Structure formats: C-alpha cells, structure tokens
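Below is one structure, written out as structure tokens; comments come after it.
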Amino acid sequence: MLKNIFINMKTITQSPKTTILLTFALFVIILFLIINPSKYINSAYNGILIWAKAVLPALFPFFFITRLLTELGGIKILANYFQSFMQKVFHVNGMGAYVFLMSMMSGYPVGAKITSELYEKRLISKDEATRLVTFTSTSGPLFVVGTVGAGMFVSAKMGFIILISHFLGAMLNGILYRNHKYNQKLQKSNTKFEFEQMADNVLEKSMLSAINSILIVGGYIAVFFIIIDILNDIGLISILSALLDMLFSLLGIDSYFSNSIVVGFVEMTRGCYELSTYFTDYTVATTVCTFIISFGGLSTMLQAMTFLQRCEIKLIFFFRQKITHAFFACIISYIICLIL
C-alpha cells in the first residue's frame, strides 16, 4: 500500500515546477505546525474524532466483508445475473454490478477499493476498471441521509433528494464514459466458484486489508482538516471564495455558498458542515450540497487514488470524471427541488 502511495506522488510530481510548488507548500504546512502546534493538533483531533465516530464504524465492516467476498469468489453469482445489463449500458462485465451496489451501500472509497481488488484478481481488465470508476465512486445513504440530511441540515427529505440525485448522476456519468477505451469484446463472467482460492488465512488477509484501508482513510481526513485550517489562516479560501462570488453574484446566489464550495472542494464533510451552519435558500443549498458530495473533495479523491493506482488509472482522468458526475447530480437535484 505504501508503494502505491509513493507511485501516486511520483505521478503527480513528474513536472519540476510541480515538484517545487509541492515542496514549498509542504514547508509552509510544517511552518504553520511549528508556529501554532496546539491549534493544528486540535484540527487533527477533530478530523480523527469524525473518523472514529462516523467513518470507522460505517466503513470498516464493508471493507472486511467486501474483501472476503472477493477472496472467496462469491460475487461471480451476482455478476452472472447482471452481465447483459452492465455490458450493454456501461460496457463493463457483470462484476460492475457488485461494485456499484457496494459503493451505493457503503460510500467512499469502497468502490475504488473493490475495483482495485477485482483488477488484482484479473476479474476485470484495466480498461474496464477505468470505465467502472466513473459510476461506482459514490457516497452512501448512511452519510448522505443520516449525517448530512438528518444530522447537519435536520432534514431527511433533503438527504434523500441529494442521495437520489447523486446516484442518478453517477449512472449518467457511467453512460457518458461508457466508450472510454472500449475497443474489445467483453467476455462473460465466470460464475464457477474457485474453492482452491479459499486459503486458510483468508480471514486474516481480509481483516488486515480492512484495517490497513480504514487507517489510510483516517489519515487523509486528519491531514486535510489541518490543511483546511491552514488555508483559512493564510486567507487562500477567502480569496478563492471572493473569485467565486463574482460568478454567484451574476446568478443571484448568496455569496456564503462560495465559501462552502471551496472548503468542500478540499474536504467533503467539512464543506457540507460549513454549508449547513448558514443557508438562505433551500433549493440552492440542496443543489450545492449535492455538487460537493458528488465531487467528493480532494481528500476523498486521494483516498480513492491510493487504491486505483494499482489499475493504472490517472489522477487527471479521475478528477475530470468526478467533475462531470458533480454537474450531472446537481442539475438533477435542482430539477427535483423545483418539482417538489
């Protein structure tokens, strides 16, 4: 897993200018940590607290169970039923149905993790994995309806609107990219159980994989909570928000939403919380929140790329398809709000 992280960083920093910029940014972060350690220790603590209370209990069982299902080969039964549908609609084999279902049930970054595991098992090709991530990188109902809708906005109805828009946007996104690198005939999934793969240590392997994955997620959340507070302190978020305000003023949208979008661009959960503390328009708030959740934030994106580097999926492609997903979802959300 550490090897994959280093590969990811190497891919990002291939340009000398990018390397210099990233090095400078890291030194700035270190400087702020030295100047005001108590504040940023508290930032990390808040991130870890959210991870421990909400993320760990929600994701850890899915990390373990999905890895166990992959190891045992049981998902081939599900793949057999959805083979024709997945191939015609999304140009991936039936395994994609399992990834989409698990991603919808559990949320980020489960879809990316399962995709990488299926690729390692040679159950999907590299090109299929690339198409697969365009509609299986989703949040889950526990976070969207529970944490965001009922918890932050005190409106389960709002949570359901976001959730439906989010999933429909993902499906449209998958259709948009269905022909990406599609140049070969897909073979039907083999639904025969491979009992010889059921090693004695399959439980241990699944447990270690789940522990490793959930710790990586927690680390990203803690680090990005620190980064957001540093960006606030140096005024960068205010500057970016002001630039976004110019566009929003033309559309008659409250300038407060721009700050939430900028924060959500970095860390999804923090962005949703910022939005929930003050909003003047229910429809706009729902639409903006849908955009933030569907994009996922840089923190969630890097979590996913930690796994997807195994499939040789480029960061720029993953970023682009998350932008299109976010636009699809927020348009659907806006239409639903108008109808209701």
*Pick from region 119-151 the residues that are within 24 Å of residue 162 (Cα to Cα) and β-branched (Val, Ile, Thr): which of them is modelled with the lowest pLDDT?*
147
*asked:* Suppose the filter is open to solvent by 10 Å² or more (accessible area, probe 1.4 Å), out of contact with any helix residue (DSSP H, G or I) (no Cβ under 6 Å at 6 or more places or on another chain), of a type in the set (S, T, N, Q) and more than 18 Å from residue 226 (Cα to Cα); does residue 36 pass it?
replied: no
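Tell me which residues, restricted to region 304-330, are touching a residue at least 24 places away in the same chain (Cβ under 8 Å), open to solvent by 10 Å² or more (accessible area, probe 1.4 Å) and in a helix (DSSP H, G or I). Spell out how you get there, then give the answer.
Going residue by residue through region 304-330, those that are touching a residue at least 24 places away in the same chain (Cβ under 8 Å) are 304-315, 317-318, 321-330.
From what is left, the residues that are open to solvent by 10 Å² or more (accessible area, probe 1.4 Å) are 309-310, 312, 314-315, 317, 323-324, 327-328, 330.
Within region 304-330, 309, 310, 315, 317, 323, 324, 327, 328, 330 meet the criteria.
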*Just one of the numbered conditions (1) of a type outside the set (S, T, N, Q); (2) in contact (Cβ under 8 Å) with a residue 12 or more places away in the chain; (3) in a helix (DSSP H, G or I) is not true of residue 248; which one?*
(2)
*Which residue pairs have Cβ atoms closer than 9 Å, lie 6 or more positions apart in sequence or on different chains, and pair a first residue in region 269-298 that is within 17 Å of residue 220 (Cα to Cα) with a second residue that is among the small types (Gly, Ala, Ser) and open to solvent by 20 Å² or more (accessible area, probe 1.4 Å)?*
269/54
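With respect to residue 98, is the statement that it is farther than 25 Å from residue 171 by Cβ and modelled with pLDDT of 85 or more true? Even if it seems obvious, please write down each step before you answer.
Numbers: farther than 25 Å from residue 171 by Cβ: no; modelled with pLDDT of 85 or more: yes.
Judged against the criteria, residue 98 is not a match.
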_Selection from region 67-89 of residues that are in contact with a Ser or Thr (Cβ under 8 Å, 6 or more places away or on another chain) and either of a type outside the set (Asp, Glu) or under 30 Å from residue 176 (Cα atoms) (or both)_ = 67, 68, 76, 77, 79, 80, 83
*Out of region 219-244, which residues are buried (at least 16 other Cβ atoms within 10 Å of the Cβ) and hydroxyl-bearing (Ser, Thr, Tyr)?*
220, 241
*Tell me, which residue of region 186-232 that is in a helix (DSSP H, G or I) and of a type in the set (Asp, Glu) is modelled with the lowest pLDDT?*
196
*Subset of region 39-77 that is touching a Phe, Trp or Tyr at 6+ places or on another chain (Cβ under 6 Å) and more than 21 Å from residue 303 (Cβ to Cβ) - its residue that is surrounded by the most Cβ atoms within 10 Å (Cβ to Cβ)*: 75
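The values are calculated or read from the model by the stated rules, or taken from the named source; none is laboratory data. Note that the coordinates shown come from a computational prediction; the quantities given were computed from them, not determined experimentally. No Cβ is skipped: glycine too gets one built from the backbone with ideal geometry, and neighbour counts run over all protein chains shown. Note: areas computed on protein heavy atoms with side chains; ligands, DNA, RNA excluded. Shrake-Rupley method; radii C 1.70, N 1.55, O 1.52, S 1.80 Å.
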